[in-house]
Amino acid sequence: MTYIKRTDVPALTGELVVELDTGALVATSCSCERVATGVAFRAKARAIDAVGAPVLDAEGRPVVTQLSHVAPVSVVDAETPEVISRDCLLAVLGEPVTRPWADVLLSSVSIRVSLAAAPISGPVDAGAVL
């Protein structure tokens, strides 16, 4: 694992703060709810600073990633909700997971990728680059 749990950084109710190996602080949460096709797991990671305030990208938007995964009840019964929730949380943290999810999905929900892109986002001066 390339993160450590932090209990000294404020977060919202239901969130756990972790510090990535890059030094970035991330508030994570996961929920599960019954849906028509089984159980929906929703993991979220939001970049925060040392006082719990959101980290913003170059356009002033909070850096947040989310993953939504629906599992049939038979899978949830076999693996337990905790195992599936853990993979969902690891995915939004940009950590390795045990599920056979595609690399493109994992990259799109990784807070690490979002943090790397945060200073780059914004309008491009077409006149300057063409």
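Observations, loosely collected:
- Karplus-based coupling profile of the stretch 115-130, in residue order and whole Hz: 5, 5, 7, 3, x, 8, 5, x, x, 10, 7, 4, x, 7, 9, 9, with θ = phi - 60° in 6.51 cos²θ - 1.76 cosθ + 1.60 and x standing for Gly or Pro.
- Under the simplified labelling scheme, the Arg6-Val113 pair shows an inter-label distance of 2.4 nm, with each label point 7 Å from Cα along Cα→Cβ.
- By the count of other C-beta atoms within 10 Å, a proxy for reagent exposure, Ile48, Ile111 are ordered fewest to most as Ile48, Ile111.
- Compared with the dominant Cα axis of the chain, that is its longest principal axis, helix 81-93 is turned about 10°.
- Helix-only [θ]222 nm of the chain, DSSP H runs n ≥ 4, -39500 (n - 2.57) each, per residue, nearest 500: -7500 deg cm²/dmol
- Spin-label model distance (nm) - Leu130 vs Val51, 7 Å beyond Cα toward Cβ: 4.4
- Using the Stokes-Einstein relation with a Kirkwood hydrodynamic radius computed over Cα pairs, the translational diffusion coefficient of the chain at 25 °C and a viscosity of 0.890 mPa s comes to 156 µm²/s.
- Share of Cα-Cα pairs in the stretch 88-130 lying beyond 17 Å, as whole percent: 44
- Whole-Hz ³J(HN,Hα) from phi, Karplus 6.51 cos²θ - 1.76 cosθ + 1.60, for the stretch 8-23, glycine and proline x: 9, 10, x, 8, 6, 4, x, 9, 10, 9, 10, 10, 6, 4, 7, x
- Whole-Å distance, taken between Cα centres, linking the stretch 1-56 and the stretch 79-130: 13
- Mean separation of Cα pairs under 8 Å and 6 or more residues apart, divided by the residue count, gives the chain a relative contact order of 20 percent.
- Highest-fluctuation residue, Ser114, Ser68, Ser85 considered, GNM on the chain with Cα pairs under 10 Å: Ser68
- Full-extension gain in nm, Arg99 to Ala78, via 0.36 nm per residue minus C-alpha separation: 6.2 nm
- Entry note: the stretch 28-102 has Rg to Rh equal to 1.06, where both radii use alpha-carbon atoms and Rh is the Kirkwood radius.
- Nearest-20 debye value, the chain charge dipole, Cβ charges on Lys, Arg, Asp, Glu: 180
- Restricting the stretch 42-101 to GluC sites (Glu not before Pro) that sit in a DSSP loop and have at most 13 other Cβ atoms within 10 Å of their own Cβ leaves Glu59.
All of the numbers you see were taken from the coordinates with simple rules; none came from a lab. This one's a predicted model, so the numbers in the text were calculated from it and none came from an experiment. Note: ideal-geometry Cβ built from the backbone for every residue, glycine included; neighbour counts use all protein chains shown.
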